Amino acid sequence: MHDDLYDEVTLPWDADELCFERPRVKPAFPLVGPACTTAARVRAGVISPVDVAVDALTRIGTENRKINAFACVRAEHARAEAAALGQRVDLDVLPLAGVPVAVKQNVAVDHPVVTRLRAAGAIVVGTTAMPELGLWGTTDSNGVITRNPHDVGRSAGGSSGGSAAAVAAGLVPIAHGTDGLGSIRVPAAACGVFGIKPGRSVVPAEIGTSSWDGLAENGIFASTVSDAALGLSVLAGRPDLAELHQPRTLRIGVAVASPSRWIHVDRHWTAAARIAGAHAAALGHHVEPIELSYEGTMAAMLLRWTTATLDDADALTEPDRLPERTRKHLTIGRVIRALHLVRPKQLDRIESRLLDFFENFDVVITPTLAASPPRARQWATRGWAANVVSCLRYAPFTGLWNLVGWPAASLPMGTHPHAHTPLAAQLIGQPGSEATLLGLAAQLELLN
C-alpha cells in the first residue's frame, strides 16, 4: 500500500453518522483504556494531537524493530494530519480525537473503515504487516518476521499479526484488522489483547477483490474492551456500541472439546475457557458445560480456505512472486472450484444446527486457540503442508464463526505456565449480539 495514497482521500470529517453524541444513558462500565483516555484529553485540550502523534511515532521508532509489527510508518503524514486536526473547531465531538491507530496492509486507502477512523479524529500512523493474501496463521513476508511482544521467539499469529503485535507492544492503543477464518481472534489470543470480529454486515466488509467469498470481516484490536468497543463503534458507524452495559442474565455454554479428533487441545487453553465460564457464573449468569457440534465444519472451512482468495490472486500483477506455499494453496483451490466442491448447502446445514442449538444459549465460550503460537520462523519458505498443519494444530476453533458470519471475540485469560505467552477464551453469539459480547467481555475483564 503506497503511503502517499492516504492523502488522496477526501475525508468526511463532518459526516453525521460519525459525529458521536454524548451518551444519553450512563454506561455500566467506565470508558477506560489508552484510546478512551487519549481522546478525552485531546477533546479537553489537555494535550494536542501533535504531541500524541509524536509520542506514538517515537515509540514505534524505538520498539518496532524488535517485533516488526509495521509494514509502513507514515511519520511525516501523521504529524501533518495531527497538526491539521488540532485546528479543528469541532474537535470536542470526535470520538477518536487524536488517537493513533494502525491499519492492516490489505485494506484500500479509500475503504470506509479507513475514512471512518480518520473522520472520527484518529491519526493513521502506519500499516501493519501480514502474510501474503492474508492466508496464514503466522505473519512473515520477504524474510521479515513479525514477532510476539510477550516472547520474540514466537509468532504474533496471523494474518493480522502486525496489528495485534502493535497493540500488545503499546505502539498504538487500537488497531484495525481483518478476519477471514480467525485472523483477528488468533493473533489477539497469541498476543494477549482483546480482538473482536463483528457479524456479517455490521462493518463494511469488502477486502481486496472478493472479501474472502463472504468469510472476512473488518474488526478491531485493543488492550481493553472499552477501547475495542469505541473502535468498533466507529468502524460500524454505531455510537451505541461504545456504550458498554452489563448484559442481562445470560445462558452460557462452555465448549472445550476439540473441533476435530485429530487435533489435541492443550489443557491450559481448555482451562482458559473454563475459567471464563466460572467467572461468568460468579457474575450470576447461567453457565453449563456443553458439547458443540462441529460436524462438517472442518471440511467446509478447508474447502473455502483454498478458494477464498482466488480472485485476489488473479488480480495480482506478478503472481509468480508468491511463495511456493501460497502458489500450491491456490492451485488446489482452483481444482476445488473447478469441481464445484464449495456449495452453499454445506453452510446452510451448519448454520441450521447452530440456530437450533442457540435456542437454549445466548453465548458460547470456547478456547480461542488449541495451543500457544508457533515459533517465529520464516514460514513463507516452508512447505505448504507444514504451514497447513501448523495453522490447524493451534487455531482450529475460530473458522466456524466466519462460515456462518456470526460475531466472535477473543478475551485474554492469563498466561500459559510453560510457554509464558497469553491464554484466551473465545466468546461467540448469534447475529446482532455484538453489544452483548462486549458487555460480557467487560464484566469478565474486571475479574481476570
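Of all residues in segment 316-329 being part of a helix (DSSP H, G or I) and in contact (Cβ under 8 Å) with a residue 24 or more places away in the chain, which is farthest from LEU302 (Cα to Cα)?
Going through the qualifying residues, I end up with GLU324.
Taking strands (runs of 3 or more DSSP E) that fall entirely within segment 91-188, which contain at least 3 residues that are modelled with pLDDT of 95 or more and either over 11 Å from the mean Cα position of the chain (by Cα) or of a type in the set (S, T, N, Q) (or both)? First the steps, then the outcome.
On the way: elements: 100-104, 123-128, 151-155, 174-179.
By residue number, 100-104, 123-128, 151-155.
Test each condition in (1) over 25 Å from the mean Cα position of the chain (by Cα); (2) loosely packed, with under 14 Cβ neighbours inside 10 Å; (3) assigned to a helix (DSSP H, G or I); (4) among the small types (Gly, Ala, Ser) for GLY45 and report the one that comes out false.
Result: GLY45 fails condition (3) only.
State all residues of segment 115-131 that are of a type in the set (A, V, I, L, M) and under 17 Å from LEU94 (Cβ atoms); if no residue qualifies, say none.
The answer is LEU117, ALA119, ALA120, ALA122, ILE123, VAL124, VAL125.
Taking the condition of being surrounded by fewer than 23 Cβ atoms within 10 Å (Cβ to Cβ) and at positive phi, how many residues in segment 206-241 meet it?
Selection size over segment 206-241: 5.
If the requirement is being of a type outside the set (Ser, Thr, Tyr), out of contact with any Ser or Thr (no Cβ under 6 Å at 6 or more places or on another chain) and modelled with pLDDT under 95, which of these qualifies: LEU440, LEU447, LEU411?
LEU447 is the lone residue from the list that is of a type outside the set (Ser, Thr, Tyr), out of contact with any Ser or Thr (no Cβ under 6 Å at 6 or more places or on another chain) and modelled with pLDDT under 95.
Being under 30 Å from ILE145 (Cβ atoms) and modelled with pLDDT of 95 or more, is that true of even one residue in segment 342-351?
no
Residue check: is ALA435 in a helix (DSSP H, G or I), closer than 18 Å to GLY231 by Cα, under 17 Å from the mean Cα position of the chain (by Cα) and of a type in the set (Gly, Ala, Ser)?
yes
Does any residue of segment 216-232 turn out to be over 23 Å from LEU400 (Cβ atoms), of a type in the set (Ser, Thr, Tyr) and not in a loop (DSSP other than H, G, I, E, B)?
Yes, that holds for at least one residue.
A quick yes/no check of all residues on (1) of a type outside the set (A, V, I, L, M, F, W, C); (2) farther than 25 Å from VAL234 by Cβ:
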| residue | (1), (2) |
| --- | --- |
| ALA56 | no, no |
| ALA71 | no, no |
| ARG79 | yes, no |
| VAL89 | no, no |
| ALA129 | no, no |
| ASN148 | yes, yes |
| ALA168 | no, no |
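Here are some residues: GLN426, GLN430. Which one is within 24 Å of the chain's Cα centre (by Cα), crowded, with 16+ Cβ neighbours inside 10 Å and closer than 18 Å to ALA273 by Cβ?
Working: GLN430 fails: closer than 18 Å to ALA273 by Cβ.
None of the other options fit; the residue is GLN426.
Return yes or no: is VAL203 buried (at least 19 other Cβ atoms within 10 Å of the Cβ), within 26 Å of ALA120 (Cα to Cα) and out of contact with any His (no Cβ under 8 Å at 6 or more places or on another chain)?
Against the criterion (buried (at least 19 other Cβ atoms within 10 Å of the Cβ), within 26 Å of ALA120 (Cα to Cα) and out of contact with any His (no Cβ under 8 Å at 6 or more places or on another chain)), VAL203 qualifies.
In the list ALA257, ALA271, which residue meets the criterion of being out of contact with any Asp or Glu (no Cβ under 8 Å at 6 or more places or on another chain) and surrounded by fewer than 22 Cβ atoms within 10 Å (Cβ to Cβ)? Talk me through it step by step, then tell me what you get.
Details: ALA257 fails: out of contact with any Asp or Glu (no Cβ under 8 Å at 6 or more places or on another chain).
After applying the criteria, what remains is ALA271.
Which condition does GLU288 not pass, out of (1) in contact with a helix residue (DSSP H, G or I) (Cβ under 9 Å, 6 or more places away or on another chain); (2) among the charged types (D, E, K, R); (3) within 20 Å of ILE365 (Cα to Cα); (4) outside any strand (DSSP E or B), if it passes all the others?
(4)
Go through segment 60-90 and give me each residue that's in a loop (DSSP other than H, G, I, E, B) and more than 29 Å from ASP312 (Cα to Cα). Lay out the reasoning, then the answer.
Going through segment 60-90, the residues in a loop (DSSP other than H, G, I, E, B) turn out to be 68-69, 74, 87-90.
Across segment 60-90, the qualifying residues are GLN87, ARG88, VAL89, ASP90.
Yes/no matrix, rows are residues, columns are (1) touching a Lys or Arg at 6+ places or on another chain (Cβ under 7 Å); (2) buried (at least 23 other Cβ atoms within 10 Å of the Cβ); (3) farther than 19 Å from ALA129 by Cβ; (4) among the hydrophobic types (A, V, I, L, M, F, W, C):
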residue: ALA53; (1), (2), (3), (4): yes, yes, yes, yes
residue: THR62; (1), (2), (3), (4): no, no, no, no
residue: PHE70; (1), (2), (3), (4): no, yes, no, yes
residue: ARG79; (1), (2), (3), (4): no, no, yes, no
residue: LEU85; (1), (2), (3), (4): no, yes, yes, yes
residue: ARG88; (1), (2), (3), (4): no, no, yes, no
residue: ALA97; (1), (2), (3), (4): yes, yes, yes, yes
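Looking at THR306 and the list (1) out of contact with any His (no Cβ under 7 Å at 6 or more places or on another chain); (2) surrounded by 19 or more Cβ atoms within 10 Å (Cβ to Cβ), which single condition is not satisfied?
Failing condition for THR306: (1).
The values are calculated or read from the model by the stated rules, or taken from the named source; none is laboratory data. Please read all numbers here as calculations on a predicted model, not as lab measurements. In this analysis, Cβ positions are derived from the backbone assuming ideal geometry, glycine residues included, and neighbour counts consider all displayed protein chains.
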